[in-house]
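The values are calculated or read from the model by the stated rules, or taken from the named source; none is laboratory data. For clarity, every value in this text was computed on a predicted model and none was experimentally measured. Methodologically, a virtual Cβ is constructed for each residue, glycine included, from the backbone with ideal geometry; neighbour enumeration extends over all protein chains shown. The protein model used for the area step is the full one, side chains on, heavy atoms only, and it has no ligands, DNA or RNA in it. Shrake-Rupley method; radii C 1.70, N 1.55, O 1.52, S 1.80 Å.
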Amino acid sequence: MIFISAGHHKNDPGAVANGYIERDLTKEARNIIVQNLDLKNVIQDKDFETNSQYQRRIKPGSGSVVFDIHFNSGSPTATGTECYVNQKDFLNKNSLSYKMADEICKITPKILGIRNRGVKSDNQSQHSRIGILNLGSGVSVLWEICFISSVLDMQKYVEKKKEVLREISNVLEKYDALQ
Ligand SMILES: [Zn+2]
């Protein structure tokens, strides 16, 4: 089973820059990915749900993939894609979470032509621990697609989003089937 969620929700816009709202971008990305997936294998967040409501609703078992989508924000020159996994998965480079995150960090720059900022541990994030990465699923990855605050990142994303999101759908299905 693939559990996919758009970071942020109705009352939490996330980052806002360059005329973009993170919440709207993550919703769109989730919807495009879901269109490429086998629906009977997918559970997704509802747009009115807070992150904690969604996390309480889902019960991802060890054989499932949890995937949460965000956009990064920083200075106008900050650029690139990155993925977060939990601390345990980060320490085990053979974990499926680490491998899937690494794959996404390599595919995205290839298609969008932006930097690979690499796989990071959730304790290197602004939060010490990211709840959705610690629900006990076999694979859990949080993807920061690119920087909403970078005009160039966003130009490239808008141009190539269908292509990159199709590739990410394939990666999700691959890791779901591996377990
Ligand atoms: Zn976010």
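If you check S97 against the conditions, is it more than 16 Å from the ligand (Cβ to nearest atom), polar (S, T, N, Q) and open to solvent by less than 10 Å² (accessible area, probe 1.4 Å)? Yes; evaluated as a whole, the condition is true for this residue. Output the qualifying pairs, or none if there are none: Cβ atoms under 8 angstrom, residues six or more apart or on different chains, first residue in region 103-128 and more than 13 Å from L165 (Cα to Cα) and assigned to a loop (DSSP other than H, G, I, E, B), second residue among the basic types (K, R) and open to solvent by 20 Å² or more (accessible area, probe 1.4 Å). Every condition considered, the pairs that remain are G113/K156; I114/K156.
Restricting attention to region 71-81, the residues that are crowded, with 24+ Cβ neighbours inside 10 Å and not hydroxyl-bearing (S, T, Y) total 1.
One line per residue, one yes/no per condition, for (1) touching a strand residue (DSSP E or B) at 6+ places or on another chain (Cβ under 9 Å); (2) hydroxyl-bearing (S, T, Y); (3) surrounded by 18 or more Cβ atoms within 10 Å (Cβ to Cβ):
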| site | (1), (2), (3) |
| --- | --- |
| G138 | yes, no, yes |
| I145 | yes, no, yes |
| S149 | yes, yes, yes |
| Q155 | no, no, no |
| K162 | no, no, no |
| K174 | no, no, no |
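For the criterion of being in contact with an Asp or Glu (Cβ under 6 Å, 6 or more places away or on another chain), more than 21 Å from G136 (Cβ to Cβ) and surrounded by fewer than 19 Cβ atoms within 10 Å (Cβ to Cβ), I107 passes.
Within region 66-81, restricting attention to residues that are in a loop (DSSP other than H, G, I, E, B) and more than 15 Å from the ligand (Cβ to nearest atom), which residue is nearest to the chain's Cα centre (by Cα)? Looking at the filtered set, the residue picked out is G80. Considering only residues in region 1-57 that are within 19 Å of L133 (Cα to Cα) and part of a loop (DSSP other than H, G, I, E, B), the one that is farthest from the ligand (Cβ to nearest atom) turns out to be M1.
A29 fulfils the conditions (1) closer than 15 Å to L142 by Cα; (2) free of Cβ contacts under 8 Å to residues at least 24 places away in the same chain except for a single criterion, (2). Put simply, of E173, E163, E144 the only residue that is within 16 Å of T26 (Cβ to Cβ) and not aliphatic (A, V, I, L, M) is E144.
When Q87, Q53 are checked against the criterion of being among the polar types (S, T, N, Q), surrounded by fewer than 21 Cβ atoms within 10 Å (Cβ to Cβ) and without any contact (Cβ under 8 Å) to a residue 40 or more places away in the chain, Q53 stands alone in meeting it.
Taking the conditions (1) more than 15 Å from the ligand (Cβ to nearest atom); (2) open to solvent by less than 60 Å² (accessible area, probe 1.4 Å); (3) touching a strand residue (DSSP E or B) at 6+ places or on another chain (Cβ under 8 Å) in turn, G63 satisfies each one other than (3).
Sub-6 Å Cβ pairs linking a first residue in region 138-153 that is in contact (Cβ under 8 Å) with a residue 60 or more places away in the chain and in a loop (DSSP other than H, G, I, E, B) to a second residue that is within 11 Å of the ligand (Cβ to nearest atom) and open to solvent by 10 Å² or more (accessible area, probe 1.4 Å), at least 6 apart or interchain, are I148/A15; I148/S73; S149/S73, ordered by first then second residue.
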